Amino acid sequence: VGNYKRTVKRIDDGHRLCNDLMNCIHERARIEKVYAQQLTEWAKRWKQLVEKGPQYGTVERAWCAFMSEAEKVSELHLEVKSSLMNEDFEKIKNWQKEAFHKQMMGGFKETKEAEDGFRKAQKPWAKKLKEVEAAKKAYHAACKEEKLAISRETNSKADPALNPEQLKKLQDKVERSKQDVLKTKEKYEKSLKELDNATPQYMENMEQVFEQCQQFEEKRLRFFREVLLEVQKHLDLSNAASYKNIYRELEQNIKTADAVEDLRWFRANQGPGMSMNWPQFEEWSADLNRTLSRREKKKAADGVTLTGINQTGDQVSQPNKHSSSLSVQSNTVQSVQSSYNPFEDEEETGSTVSEKEDNKIKNVSSYEKNQSYPTDWSDEESNNPFSSTDANGDTNPFDEDTSPAMEVRVRALYDYEGQEQDELSFKAGDELTKMENEDEQGWCKGRLDNGQVGLYPANYVEPIQ
């Protein structure tokens, strides 16, 4: 009696399982969205780096094909996210709303109907069971009383002190107890028989309500199976024709990379095959003869100068606004590159891989494909960056001519936002390294702790004591 509550509870569990399945799908959809966003960000960042970097020709297009693949896969995963939320999630939500009807007093109509059905089917049989329990209890009490009366009578026969009248009372007590036993036994057997007769009808009524609950649960189980199959189809990109086409196209783009074609292009555009601008006689002009300041030269320069190449004048060539990380001293770059592992465990370093990539992204390339080179040159050995007195070739032609001994740590006194891309930006209190002393325009060259090199106003900092 009362064990039907487990079946009734299953109805409430079904409603709760709908919520659990919706939460499960919602979390997966969020993961798909985040993954798609990360793919897009990765593709955008690396596409810019490759396009601005030194790679060229068909190999560049093959490399960029990976970024195109990421963008297309990102779109597919956004479609997966959309299908999960707009189709599967909503389908479960609507089915739950139609299958479970909330009551004003709490609970669900389906739960109450099942509870009432079981209680109604069980009530007659439970009533007879209660009568059987009472009859059994009375019969057992009579049997106990009979046994006690017989024991007293037996003991009194051995006691000479008892008179016949007392003995007669004990014998009467035994007789009454035997009659009570017969009465209670008959009643017990009768109630038990009635219970047995009512049991088939009880089982039929209870099973009828149980089958109704089974049918309700069967609908939920079949619905869950149907939804899970749809979720599987939405998640399974291996059977999607567009997904296969992405990698078929990627393979084709990679196979079209042609080293001979790229070398031919480079020869025609960057080598002996390019059009030459041979020196010609030029008339004197006052504008051409005007001496440019260092700051003006820097602003006029449209490309990047190779660091380590000295101009013929007293001025040292400055890195252009588009120059990248190898304008930092070579020993610094080597130490950064050797110590940086993008697959290090996040817990060990305290930062994520993406944060490391953002911090080190400037170490990707030493120059950009569209940079210009200085026209000043000298045949002196000391000014030739490609001559080396080191037999082992340890000299780095891209090392800057600024000696590490000249570097001084300074602290920013005020906030400064760089107006040009080759200027540093920092906040008051930030520390940086001064690499060159103040020029005549009041600018210093320095390096931030993240490796960025650029110019800043000299009066915005003070030396760290």
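Counting every alpha-carbon pair across region 160-282, the share separated by more than 25 Å comes to 76%. Spin-label model, ASN437 to LYS190: label points 7 Å out along the Cα-to-beta-carbon direction sit 12.6 nm apart.
Averaging 1/r across all pairs of distinct Cα atoms in region 109-212 and inverting the result yields a Kirkwood radius of 16.8 Å.
What FRET efficiency would be calculated for the residue pair GLN208, SER242, taking the C-beta separation as r and a Förster radius of 60 Å, to the nearest 0.05? So, using R0 = 60 Å, E works out to roughly 0.70. Note on ILE464 and VAL34: with the Förster distance fixed at 51 Å, the Cβ-Cβ geometry gives a FRET efficiency of about 0.75. Computed extension length for ASP116-GLU133: 3.7 nm, one decimal, from 0.36 nm per residue of separation with the Cα-Cα distance subtracted. Note on GLN166 and THR199: the model spin-label points, each 7 Å out from Cα along the C-beta direction, lie 5.0 nm apart. With the cut-off at 22 Å, report for region 54-165 the share of all Cα pairs above it, as a whole percent. Above the 22 Å cut-off, region 54-165 has 75 percent of its Cα pairs. At a Cα cut-off below 20 Å, give the lysines reachable from LYS144, other chains included and same-chain residues fewer than 8 away excluded. Qualifying lysines at Cα under 20 Å: LYS136, LYS169, LYS173, LYS178, LYS183, LYS185, LYS187. For the pair GLN252 and LYS109, label points projected 7 Å from Cα toward Cβ lie 5.8 nm apart.
Under the shape rule built on the C-alpha gyration tensor, where the axes satisfy a ≥ b ≥ c, region 158-220 is prolate, since a/c reaches at least 1.5 and a/b is greater than b/c. From most to least packed by mean Cβ count within 10 Å, the peptides 430-442, 76-88 give 76-88, 430-442. On the basis of the beta-carbon distance and an R0 of 30 Å, PHE266 and SER68 show a calculated FRET efficiency of 0.80.
Normalised by 2.2 N^0.38 Å, where N counts its residues, the alpha-carbon radius of gyration of region 408-463 equals 0.95.
Just so you know, all these numbers are worked out from the coordinates, no wet-lab data involved. Please read all numbers here as calculations on a predicted model, not as lab measurements. Positions of Cβ are generated from backbone atoms using ideal geometry, with glycine treated the same way; all protein chains shown enter the neighbour counts.
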